[in-house]
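Worksheet: one structure, shown below.
The values are calculated or read from the model by the stated rules, or taken from the named source; none is laboratory data. Predicted model, so just to flag it, every value in this text is computed and none were measured. Please note: Cβ atoms are built from the backbone with ideal geometry, for glycine as well, and neighbour counts cover all protein chains shown.
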Amino acid sequence: MKSVIFQQIYGKPRRHRWTIFAFVAPAFGILIVIFGISFAFSIWLSFHRFLLTRPKLGITFVGLSNYFSLLWQDQVFQAAVKNTLLFTLGVVSLELFFGLLLALLLSFRTNRSTAALRIVFLLPLMITPVVVGLIWRYMLHSELGVINYILMTLGIVKSPVAWLTNSSLAMPSIMVADAWKYTPFVMLCLLAGIKALPQEIYEAARIDGASPWKSFIHITLPLIQPTIKVVLLFRTMDAFRIFDLVFMLTRGGPGTITETVSMHNYEVLANYFRVGYASAMSVMILAMALTICLTYILILRTKWEA
Amino acid sequence: MKESSVNFDFKAGLVYVVLALLATIVLFPLLWMVLSSFKHQVEQQLWPPVWISSHPTLVNYIKLVDLSAATYSIPILPGVLNTIIIGFSSTGITVIIGSIAGYGFSRYKFRANGYLLILALILRILPPINVVIPLYVVFRALGLLDTRLCLIITYLAFNLPFVIWTMTIFFNTIPKDLDEAALIDGCSRVKVIMKITLPLSVPGVVVAAVFSFLFCWNEFLMALVLTQSKVKTLPLTMMLYRTDRAILWGEMSAATMVVIVPVIIFVLVIQKYLVAGLTLGGVKG
């Protein structure tokens, strides 16, 4: 019975298939043209030497040599991979910790004051990344920065600290700025996850004598695990491609302490105009990003299909 | 606070104290920029820093729109204008094409459905540097570098996956029965879309459009690579306040306000849809 109505509405199955095609084709046409051609072209370019500064040399085929120098000669790239992974691990854990803390604190009561506080905590997320960089650069300034002033007034540090030019402080400073901007994202997603949990379980647990800490470990955490996984996917992929903040705060310095893969790749293109080499690097970055992304998606897959 | 008025709830008090403390820390950078934007140049350079200006001034805001050569500054209006033109054109096209695809995904089920959606998701979260290098070469060959068109095309492609996802999810919430009832009554598919689905999907379209526009408003890396001097978007204009001679802190903090206030207003207006929008949307870099 259902299939008869179905055919009346949608016509014959074959026409049905072409209708879908007509709906989806424009969007995926554009995606395939822009992304498909880009990926294919950058793979092709990665096997060539192409210097924009010397156009007369043209594009010459060099085989795998770009990849060889990337893997065995370019120490900046190796440092950048290490820094990026360190940064990703650092900020994702920071943001998960504080995001979860804020979400738990805010889900404690549902009233007007927590709703207002939620908006306050969301504000950093709405600020343009470049502007976040400028704000923190201003506040972390070694001579005029207000952060040094506050820390000195409180007696935490004796003399002004050069946050962004000190080799052991530059990376943590960028991490703090990044955590300031993106913790609200984690908080918001987790808060939505926590709010969706049924209250009866908690009441049952309380009647059975479970402490708040125990009900957090044994009820909240397992139940919001799917949300945590999705949040981790988005934050990991975002942190991995970090560019704006590094560009505004340190430009990869001092030395190569805060150089990230996107930053280094940009420099090779914009400062040295080595298109072939930059493409090889971007292919490597793509491979790393895809590995991380597909690992996550394989873990998450069961949930999405449900 | 009804609970605590009866007998003081120590635990609730503690939670509120911790929340208030954290909120102060989170708000401080923004507050500092607001205060700085009303300070004179001299007060920006003082140590210890001045908290609240003794002579609050609007001079930093005036400098942003002052085109006369008397004051050395960087006008912000060309950046705003470029970003709005690029943002509106690319958002308009993205929302139309993305909604059509979203409708297809939600109303017709076919085998590749899920795979295509996951493909779109993956494209959305990959590092943009992979795409920007080949696009730079292509646009250079076509003579399109440093034009609005190249950014419109690039942003169009980057926003499409998000719009497709948002609209698919949104159309899924509009019952299919409505379509089918109208189709049985003899309405054509096009008429069903125009008369039933489209009016119902206005909130979804608004969310998709706002977040696509915010992506264009915030985007930095692609604008940095694909444009040089003729077309400067807002984030690139912001960078200019750090000149060779000095950082123009006053103008910079005023410009910061210009950049973030519209975003905050936009997002507060569509607060209800924040989770969906922020997961895939444009508020990130």
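Consider the stretch B:100-118 and keep the residues that are at the interface with chain A (Cβ under 9 Å from one of its Cβ atoms) and in contact (Cβ under 8 Å) with a residue 60 or more places away in the chain. The one that is farthest from A:Val24 (Cα to Cα) is B:Arg107. The C-beta contact set for the stretch B:72-93 (first residue within 18 Å of B:Phe213 (Cα to Cα), second residue assigned to a loop (DSSP other than H, G, I, E, B) and charged (D, E, K, R), distance under 8 angstrom, 6+ apart or interchain) comprises B:Pro78/B:Lys232; B:Gly79/B:Lys232; B:Asn82/B:Lys232.
Taken as a whole, the stretch A:179-196 holds at least one residue that is in a loop (DSSP other than H, G, I, E, B) and modelled with pLDDT under 85. Figure legend. Inter-residue proximity from the stretch A:245-274: first residues over 26 Å from A:Leu52 (Cα atoms) and in the same structural domain as A:Trp136 (by TED's automatic domain parsing), second residues among the basic types (Lys, Arg) and surrounded by 24 or more Cβ atoms within 10 Å (Cβ to Cβ), beta-carbon distance below 9 Å, spacing 6+ or different chains. Indicated pairs: A:Leu245/A:Lys181. For the stretch A:275-293, the tally of residues that are free of Cβ contacts under 8 Å to residues at least 24 places away in the same chain and under 25 Å from A:Arg54 (Cβ atoms) stands at 1. In summary, helices (runs of 4 or more DSSP H) completely within the stretch A:228-305 and bearing 3 or more residues that are more than 9 Å from chain B (Cβ to nearest Cβ), of a type outside the set (D, E, K, R) and over 23 Å from A:Thr183 (Cα atoms) occur at A:275-305.
If we scan the stretch B:201-221, do we find a residue that is more than 25 Å from the chain's Cα centre (by Cα), away from every other protein chain (no Cβ under 12 Å) and either of a type in the set (Gly, Ala, Ser) or more than 17 Å from B:Thr83 (Cα to Cα) (or both)? No, every residue in the stretch B:201-221 fails to be more than 25 Å from the chain's Cα centre (by Cα), away from every other protein chain (no Cβ under 12 Å) and either of a type in the set (Gly, Ala, Ser) or more than 17 Å from B:Thr83 (Cα to Cα) (or both).
Based on this model, can you work out whether A:Pro129 counts as at the interface with chain B (Cβ under 9 Å from one of its Cβ atoms), in contact with an Asp or Glu (Cβ under 8 Å, 6 or more places away or on another chain) and buried (at least 19 other Cβ atoms within 10 Å of the Cβ)? The answer is yes for A:Pro129. Take A:Leu51 and decide whether it is modelled with pLDDT under 90 and more than 17 Å from A:Leu286 (Cβ to Cβ). Judged against the criteria, A:Leu51 is a match. For the stretch A:204-241, filtered to residues that are of a type in the set (Val, Ile, Thr) and without any contact (Cβ under 8 Å) to a residue 24 or more places away in the chain, the residue that is farthest from A:Met187 (Cα to Cα) is A:Ile207.
Taking the condition of being within 11 Å of chain A (Cβ to nearest Cβ), assigned to a helix (DSSP H, G or I), surrounded by 12 or more Cβ atoms within 10 Å (Cβ to Cβ) and not acidic (Asp, Glu), how many residues in the stretch B:172-200 meet it? The number of residues fulfilling the criteria is 7. At the interface with chain B (Cβ under 9 Å from one of its Cβ atoms), under 30 Å from B:Phe213 (Cα atoms), crowded, with 17+ Cβ neighbours inside 10 Å and under 27 Å from the mean Cα position of the chain (by Cα): is that true of A:Val186 in this structure? Taking the combined requirement at face value, the residue does not satisfy it.
If you go through the stretch A:251-273 one residue at a time, do you hit one that is surrounded by fewer than 20 Cβ atoms within 10 Å (Cβ to Cβ), under 30 Å from B:Ile133 (Cβ atoms) and in contact with a strand residue (DSSP E or B) (Cβ under 9 Å, 6 or more places away or on another chain)? Taking every residue of the stretch A:251-273 in turn, at least one turns out to be surrounded by fewer than 20 Cβ atoms within 10 Å (Cβ to Cβ), under 30 Å from B:Ile133 (Cβ atoms) and in contact with a strand residue (DSSP E or B) (Cβ under 9 Å, 6 or more places away or on another chain). Please verify whether A:Lys2 is among the basic types (Lys, Arg), more than 30 Å from B:Lys11 (Cα to Cα) and modelled with pLDDT of 90 or more, treating the condition exactly as stated. Spelling it out, it is not the case that A:Lys2 is among the basic types (Lys, Arg), more than 30 Å from B:Lys11 (Cα to Cα) and modelled with pLDDT of 90 or more.
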